[in-house]
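Peer 1: Below is one structure. I have some questions about it.
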Amino acid sequence: MTLPSTPKTPTVILTGDRPTGPLHLGHYVGSLRNRIAYQHDYQQFIMLADAQALTDNMDDTGKVHRNVVEVALDYLAVGIDPAKSTILIQSQIPELAELTFYYLNMVTVARLERNPTVKQEIILRGFERDIPAGFLTYPASQAADITAFKAALVPVGEDQIPMIEQTNEITRRFNRIVNQDILVECKALVPEIGRLPGTDGKAKMSKSLANTINLGASAAEITAAVKKVYTDPLHLRVEDPGHLEGNVAFTYLDAFDPEQAALADMKAHYVRGGLGDSIVKKRLELVLQEMLAPIRARREELAKDRGYIMQMLKDGTYKARDVAAKTADEVKAALGLRYF
Ligand code: TRP
């Protein structure tokens, strides 16, 4: 008789989004498609970081509330499976706030002010001297998010790498203070194919730049967005040789066209001259319409059953809370904060 092998505990992944708007193609390339792949082999937690979103959205709490459901719909519509991935709402796990409170004693204000992600975001938001304290200290909260689940891998964009570094500093500091290995160090998983440019040619697709194509975009919205896609400003006549660098139409086709061999031919023709932008855009429109139609249909179907979405979020959040509560309990005990 062969003994059953001990089940391997799968590596834990923690990832998340601030729910401040619907997700777009940039999210799909940067994180969603990886999450769809990871969920088969890892224990994946996906956090709707609504509490973090409030650190710079106190003037519009309704936006954050609404987008929790919108982003959850996006997740399910693209193929994140709640039976495989645990989707959770940050604010509903008070142990995360509790952990943050203790971690704040393990970072200095100077270190928070030096965190490049925070620095960059302060400039972006024009906070200048009026930085909400919760915003400045959100790296401690993000460290709580990650360590509460003892995540070993944290898929993030490049801009978030300093967050992971600071999380590991807190982890090491804590483990040293209590002289036990309670928290787990993590590794950032940065996608190789970085970010998708905006339709306007700017380096990043972003809601605030109004250069996105949302995953739930209507057919008409896709048509309008493709019309505006930035191509080659020097390609004035069809017979002129065209350029591929910075040409967003081709960047999108690289990312999404299932027929890459035909695309290679099209690129060669474009560079040679004799291929107009309208043909390229026609192809792009077809590719995007075909890619997004089933996502939109699934999203609309799911949106009809809000009860199901809320129950899914509740189940995921409760499951995650059990894990976070266990870590918070260990952390407090190690700090001498267990009395009864
Ligand atoms: N800060 C992340 C972002 O803006 C969102 C986030 C919150 C997150 N908590 C996290 C990402 C924990 C990874 C791990 O995109």
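The values are calculated or read from the model by the stated rules, or taken from the named source; none is laboratory data. If you're wondering where the values come from, they're calculated on a predicted model, not measured in any experiment. Cβ sites come from the backbone with ideal geometry, for glycine too, and all protein chains shown count toward neighbours. Surface accessibility is based on the protein's heavy atoms, side chains included, excluding ligands, DNA and RNA. Shrake-Rupley method; radii C 1.70, N 1.55, O 1.52, S 1.80 Å.
Peer 1: Given only helices, namely DSSP H runs of n ≥ 4 each adding -39500 (n - 2.57), what is the per-residue ellipticity at 222 nm of the chain, to the nearest 500 deg cm²/dmol? Intermediate values should be presented prior to the final figure.
Peer 2: On the way: 14 runs with 176 residues, N = 340.
One gets -16500 deg cm²/dmol as the mean residue ellipticity at 222 nm.
Peer 1: Per residue, how much space in cubic angstrom lies within the convex hull of the C-alpha atoms of the range 166-216?
Peer 2: On the way: hull volume 6.8 nm³, N = 51.
In the range 166-216, the Cα hull volume divided by residue count equals 134 Å³.
Peer 1: Of the residues D200, D265, D181, which exhibits the maximal mean-square fluctuation in a Gaussian network model of the chain defined by a 10 Å Cα contact cut-off?
Peer 2: Looking only at D200, D265, D181, the largest GNM fluctuation is found for D265.
Peer 1: Please give every one of the lysines within straight-line cross-link reach of K202, meaning a C-alpha to C-alpha distance under 25 Å, and leave out same-chain neighbours fewer than 8 residues apart.
Peer 2: Partners found: K119, K227, K228, K267, K281, K282.
Peer 1: Gaussian network model of the chain, Cα springs within a sub-10 Å range: biggest mean-square fluctuation belongs to which of R195, R173, R111?
Peer 2: Looking only at R195, R173, R111, the biggest GNM fluctuation is shown by R111.
Peer 1: Moving on to the next point. Largest first, please: the extent of the C-alpha atoms of the chain along each principal axis, to the nearest Å.
Peer 2: 80, 64, 40
Peer 1: Follow-up question, since we're still on this one. With N set to the residue count of the range 216-300, report its C-alpha Rg divided by 2.2 N^0.38 Å to two decimal places.
Peer 2: For the range 216-300, the normalised Cα radius of gyration comes out at 1.13.
Peer 1: Moving on. I'd like the FRET efficiency for V271 and Y339, computed as 1/(1 + (r/R0)^6) with the beta carbon distance as r and R0 of 56 Å, rounded to 0.05. Please report the intermediate quantities before stating the final value.
Peer 2: Numbers: r = 72 Å, r/R0 = 1.29.
Once rounded, the FRET efficiency stands at 0.20.
Peer 1: Over the chain, average the accessible area per residue using a 1.4 Å probe and give it in Å², no decimals.
Peer 2: Numbers: 17540 Å² over 340 residues.
Dividing the accessible area of the chain by its residue count gives 52 Å².
Peer 1: Suppose we look only past 14 Å in the calculated P(r) of the range 129-199. What percent of the Cα-Cα pairs does that tail hold? If you can, show how the numbers build up before the last one.
Peer 2: Numbers: 1575 of 2485 pairs.
More than 14 Å apart: 63 percent of the Cα pairs in the range 129-199.
Peer 1: Using label points projected 7 Å from each Cα along Cα→Cβ, tell me how many nm separate F127 and Q289, to one decimal.
Peer 2: 4.4
Peer 1: Which one, S278, M291, V238, is farthest towards the positive end of the dipole of the range 216-300 when Lys and Arg carry +1 and Asp and Glu -1 on their Cβ?
Peer 2: Final value for the positive-end residue is M291.
Peer 1: Expressed as cubic angstrom per residue, what is the convex hull volume of the alpha carbon set of the range 104-150?
Peer 2: On the way: hull volume 3.6 nm³, N = 47.
Spread over its residues, the Cα hull of the range 104-150 gives 77 Å³ apiece.
Peer 1: Compute, for the chain, the length of the dipole vector about the Cα centre, with Cβ point charges of +1 (Lys, Arg) and -1 (Asp, Glu) only. Units Debye, rounded to 20. Write down the numbers at each step before the final one.
Peer 2: Working: 40 positive and 43 negative charges, 87 e Å.
Rounded to the nearest 20 debye, it is 420 debye.
Peer 1: Okay, moving on. Cut-off 10 angstrom, C-alpha nodes, Gaussian network model of the chain. Which of P233, P294, P241 fluctuates the most?
Peer 2: P233
Peer 1: Given R₀ = 22 Å, FRET efficiency for T61-K314 by Cβ-Cβ distance, to 0.05?
Peer 2: Numbers: r = 20 Å, r/R0 = 0.92.
Rounded to the nearest 0.05, the efficiency is 0.60.
Peer 1: Rolling a 1.4 angstrom probe over the protein chains, ignoring ligands and nucleic acids, what is the accessible area of E245 in square angstrom, nearest 10?
Peer 2: Roughly 140 Å² of E245 is accessible to a 1.4 Å probe.
Peer 1: Can you tell me the FRET efficiency between Q160 and S278 if r is taken as the Cβ-Cβ distance and R0 is 30 Å, rounded to the nearest 0.05? Numbers along the way, then the final one.
Peer 2: Values: r = 39 Å, r/R0 = 1.29.
Once rounded, the FRET efficiency stands at 0.20.
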